[in-house]
Amino acid sequence: MEHDAGIRLLFVCLGNICRSPLAEAVMRRMVNERGLAEWISIDSAGTGAWHAGEPPDQRMRQVASERGVSMDGQRASQLQASDLDRYTHIFVMDKSNLHDTLYLDIEDRNGHKVRLFRELDPVPGDYQVPDPYYGGPGGFENVFGIVERTCAEILDRLVREYSLDSKSK
């Protein structure tokens, strides 16, 4: 996180090398383009530690780069129970991530912050972002489309909910 913005978003997937770092990068670009970085900070994490410290998957970086989204400097990290207190909105990529994230909420204080990312997708499908890791290039393209349209919807809702449109002018 760059600073202590009032709205703190966390995107969560399994290994933090494909879906959630892409959502972090796409949302960061959108927030910066709209001049809202002072109010919104963005991060991502994985429920597992397999890739901790590694950059995002090269295939995901390639698809993002082709669409003008930089994932440079990102490194995978594992979700911690303390993250549930730290972030104001936590978006998970699939039902397994939802289960694993809520499992960390031992005192049942933060479940209201955690939701499936695709609950806000204009075209939600089965409400899960498919993991492209073991598939071909088409999976990464598909995930980019899902993430881009859903991040746009999330940002629009945050702007309305927190009256950010008046703050960015």
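Any read-out appearing in this document is the output of simple, stated calculations on the displayed coordinates, not a laboratory observation. Quick caveat, the model's predicted, so the values are computed rather than measured. Here Cβ is always computed from backbone atoms with ideal geometry, including for glycine, and neighbour counts include all displayed protein chains.
A few notes on this one:
- Summary: within the chain, the longest segment free of chymotrypsin sites (Phe, Trp or Tyr not before Pro) located in DSSP loops with at most 13 other C-beta atoms within 10 Å is 51-133.
- Per DSSP, loop GluC sites (Glu not before Pro) in the range 46-142 with at most 10 further Cβ within 10 Å: Glu107
- Amide H within-cut-off set for Glu54, under 5 Å, with H built and near neighbours excluded: Ala76
- GNM top mover of Asp85, Asp131, Asp100 - the chain, alpha-carbon springs below 10 Å: Asp85
- Spatial offset of the range 77-103 relative to the range 107-169 amounts to 14 Å, using the alpha carbon center of each.
- Only helices enter the 222 nm calculation for the chain: every DSSP H run of n ≥ 4 contributes -39,500 (n - 2.57), and dividing by all residues gives -12000 deg cm²/dmol, rounded to 500.
- Net lengthening on full extension, Ala49/Arg157 (0.36 nm per residue, minus Cα-Cα): 35.7 nm
- Residue-wise HN-Hα couplings along the range 17-30, as the Karplus relation 6.51 cos²θ - 1.76 cosθ + 1.60 with θ = phi - 60° gives them from phi, are 10, 10, 6, 5, x, 5, 4, 4, 5, 5, 5, 4, 4, 5 Hz; Gly and Pro carry x.
- Toward the positive end of the charge dipole of the chain, with +1 on the Cβ of Lys and Arg and -1 on the Cβ of Asp and Glu, the farthest Cα among Val63, Tyr87, Asn32 is that of Asn32.
- Gain on full stretching of the segment that runs from Glu119 to Asp165 - 0.36 nm per residue minus C-alpha separation: 14.3 nm
- Karplus (6.51, -1.76, 1.60) ³J(HN,Hα), θ = phi - 60°, over the range 131-140, in Hz, Gly and Pro reported as x: 7, x, 3, 9, x, x, x, x, x, 5
- The calculated Kirkwood hydrodynamic radius for the range 15-157 is 15.3 Å, given to one decimal from all distinct C-alpha pairs.
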